[in-house]
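S.K.: Here it is: the structure, laid out below.
The values are calculated or read from the model by the stated rules, or taken from the named source; none is laboratory data. From a predicted model like this one, the values you see are computed outputs, not experimental measurements. Cβ coordinates were reconstructed from backbone atoms using ideal geometry, including for glycine residues, and neighbour counts include every protein chain displayed.
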Amino acid sequence: VRGASRSLALVSVGSILLVGGCGGSSLPTSANGPLLRVLSVVSGGDEDPVTGATLVVGGHAYQTDGSGHVSIPESGAADLDVQADNYLLRQTRLNPTDKRVVLWPLGPGYRSEYVRSLIYKPSYTTSDVLSSADDVPSHHVTAGRVSLVPSAGIQGDAAAVRALDAAVAEMNAVTEGHLAFTVDTRPVGTVTFRLSVDSSIASAALTWRDVRASSITGGRICFQSFAGARDPHYVTHELGHVLGLEHSLVPSDMMYFLALPTSPRHFTENERISIRLLLQRPPGNRYPDNDRDGIATANAATGSSVAVD
Ligand SMILES: [Zn+2]
């Protein structure tokens, strides 16, 4: 968190069909025809079917019907592109057992630029306009648990403990059961973040993330003073970085790059949808929504540590 000037004070039904219909679509099959499979295309926001989506696979285009279903020929693994109004272009690898495709929804106030900043732009490059820095692959915690280990100083400060508890509750709510954030006196599980107060850091709060093959594997969080450690917004914002978020362009968001007196204690709806989709995708997803081209990179066993404020 960068304090805004002096503000720290306080500032589908997928199935293999030989014959028959699904949602009214007619399937041209016979003993001689190609075997068809039905894919269901749904919105990652509300699981609603996506009608009129165009799927390109094997050099042919197909369109979803009124139930979000589409029949395509059986095949082995194949590249798949899915385009639909108000969704990010999805580029993925379709496996023979896949039954549905989940698209990343957009909407008023939730445009591609928003997602691009929050997920794919290095946080330290974000200001009030979309960063011109290169997009980076998405990264997030893939282990089921994040163990937060506060320093003795934080453990002994009642207000800091309350702020951390509030932030943990918020993280557990927005990750919808996919991750468990816990406060522990010693590390539990594989992903640990240590929290401390350190007056020597250059920002009001800083988080270092260790990243391996686009998975966040641990790190630490420092607050410049107890004023930050006691502020639920500051603590929750840093835990947003722990999860894998970068910075938002929207001042009313938890992940806005500046802390303001009006900064929220809860993630906004647009941030919650972003978190849901981020966790549904494998780490290493590429903007706009491509988990096909980055797979080789994501599998590389390289580690790095990234600091975010
Ligand atoms: Zn930040």
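S.K.: Restricting the search to region 115-127, which residues are within 16 Å of the ligand (Cβ to nearest atom) and either crowded, with 20+ Cβ neighbours inside 10 Å or of a type outside the set (S, T, N, Q) (or both)?
M.R.: Ser117, Leu118, Ile119, Tyr120, Lys121, Pro122, Ser123, Tyr124, Thr126, listed by residue number.
S.K.: Of all the residues that make up region 209-229, how many are farther than 19 Å from Arg145 by Cβ and either among the hydrophobic types (A, V, I, L, M, F, W, C) or surrounded by fewer than 21 Cβ atoms within 10 Å (Cβ to Cβ) (or both)?
M.R.: Selection size over region 209-229: 6.
S.K.: So which strands (runs of 3 or more DSSP E) stay within region 32-149 end to end and still have 1 or more residues that are at pLDDT 95 or above and of a type in the set (Phe, Trp, Tyr)?
M.R.: Ranges flagged: 60-63.
S.K.: Might you check whether a residue that is of a type outside the set (A, V, I, L, M), within 16 Å of the ligand (Cβ to nearest atom) and part of a loop (DSSP other than H, G, I, E, B) occurs anywhere in region 280-297?
M.R.: No, because not a single residue in region 280-297 is of a type outside the set (A, V, I, L, M), within 16 Å of the ligand (Cβ to nearest atom) and part of a loop (DSSP other than H, G, I, E, B).
S.K.: Also: Kindly indicate whether Val168 is in a strand (DSSP E or B) and within 18 Å of the chain's Cα centre (by Cα).
M.R.: So Val168 does not fit the description; no.
S.K.: Another question about this same structure. Only one of Asp184, Asp157 is at pLDDT 95 or above and surrounded by 15 or more Cβ atoms within 10 Å (Cβ to Cβ). Can you tell me which?
M.R.: From the options Asp184, Asp157, the qualifying one is Asp157.
S.K.: On to the next question. Checking the condition crowded, with 21+ Cβ neighbours inside 10 Å and on the phi > 0 side of the Ramachandran plot, which residue from Gly59, Gly68, Gly109 passes?
M.R.: Gly68
S.K.: Further question on the same structure: What number of residues in region 247-263 are assigned to a loop (DSSP other than H, G, I, E, B), over 19 Å from the mean Cα position of the chain (by Cα) and buried (at least 18 other Cβ atoms within 10 Å of the Cβ)?
M.R.: Selection size over region 247-263: 1.
S.K.: Checking the structure you have, find out if any residue of region 105-123 is among the β-branched types (Val, Ile, Thr) and under 20 Å from Gly240 (Cα atoms).
M.R.: Yes, because at least one residue in region 105-123 is among the β-branched types (Val, Ile, Thr) and under 20 Å from Gly240 (Cα atoms).
S.K.: Give the number of residues within region 203-256 that are under 15 Å from Phe181 (Cα atoms) and among the β-branched types (Val, Ile, Thr).
M.R.: 6
S.K.: Tell me, which strands (runs of 3 or more DSSP E) wholly within region 180-232 include 1 or more residues that are more than 16 Å from the ligand (Cβ to nearest atom) and farther than 13 Å from Val141 by Cα?
M.R.: Ranges flagged: 180-183, 192-197.
S.K.: Then there is this: Please work out if Ser263 is more than 16 Å from the ligand (Cβ to nearest atom) and touching a His at 6+ places or on another chain (Cβ under 7 Å).
M.R.: It is false that Ser263 is more than 16 Å from the ligand (Cβ to nearest atom) and touching a His at 6+ places or on another chain (Cβ under 7 Å).
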